[in-house]
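As structure tokens, the structure follows; a few thoughts come after it.
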Amino acid sequence: MHQRLARPQFQSGLISVLIPIALLYGASHQSWREALLKLAPPSHTHLDEHGALQLKNEASTRLPITANDLAGIAEQLSDLLDLIENTLMACAGCSARDATTHLLAYYAFNGELWVEPGAYYVGHTFENAERVRRQAEQASGHRRVAMLRQADLFISKVRRVSLSDLRFIPRDAIIPDVVLEHWVNHYLNSRQEGQPLFVVRQQNGAVRFRLRDGAGENGLRVRH
């Protein structure tokens, strides 16, 4: 992608080129102008007959839209990363209602542009859902509605399985300490008067447990 320079930057760059040319060809106005034209032929389009720099108004850089229907135009604008309500209405000649209805039905709003769902619903599901909900708080109207729906759709894409189909090990962080404590005491058959003997906690990827009556103050660390 070419970087567009502001007028002062362009002039400064041009001067840095002209100085060595003037030293090489002499100070003759005609000599360095001809040398410059040979060095950079396209630049002559910005010089008048006196060698003065004349910058023309910028021409439109938008690529032509070749589609004729609303869906095709929206698709091309999406490919150009230029799909918002205003550009769709301008290129398709449709009403705001038609543009909004189409965008809500077939695209996802990322906070700046409407994009293809296939490029949007990727990444960490729960983190993305939370991020989209925060974005929705700053939006309004149909964009807010779209992002709240997108957050729900992120969550809905999580594959559900039965709890009985999951395989855990004792040091999995998802297991609450109270559940782990119950399991350890049941596994060791360590109960007294119906009460578990061990207090169990997870710490730094290990399972730490101590006797509930205070014995073994240093605790025992068991790794699985």
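Derivation of every value follows stated rules applied to the coordinates shown; laboratory data play no part. Everything quoted here is computed from the prediction, not taken from an experiment. Don't worry about glycine lacking a Cβ; one is built from the backbone with ideal geometry, like all the others, and counts go over all protein chains shown.
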### Query
Relative to the present Cα-Cα distance, how much length would full extension add between R160 and N86 at 0.36 nm per residue of separation?
22.7 nm
### Task
Calculate the spin-label point distance for E130 paired with L153, positioning each point 7 Å from the Cα along the beta-carbon direction, and give it in nanometres.
2.2
### Cβ-defined net charge surrounding E75, 13 Å radius [Lys, Arg +1; Asp, Glu -1]
-4
## Note on the structure
Mean Cβ-within-10 Å packing, highest first, puts peptides 102-108, 171-177 in the order 102-108, 171-177
### Query
Working out 0.36 nm times the residue gap between Y106 and R212, then minus their Cα-Cα distance, what length gain in nm do you get to one decimal?
32.2 nm
### Label-point separation, V178 to Q138 (7 Å along Cα→Cβ), nm
3.9
### Message
Can you compute the modelled spin-label distance between N189 and Q203, with each label point 7 Å from Cα toward Cβ, in nm?
### Response
2.9
### Query
Excluding L104 itself, what net charge comes from residues whose Cβ is under 10 Å from its Cβ, given Lys and Arg +1 and Asp and Glu -1?
+2
### Query
When the Karplus curve 6.51 cos²θ - 1.76 cosθ + 1.60 is applied with θ = phi - 60°, which whole-Hz ³J(HN,Hα) does each residue of segment 154-163 get, with x for Gly and Pro?
4, 5, 5, 7, 5, 6, 8, 9, 6, 4
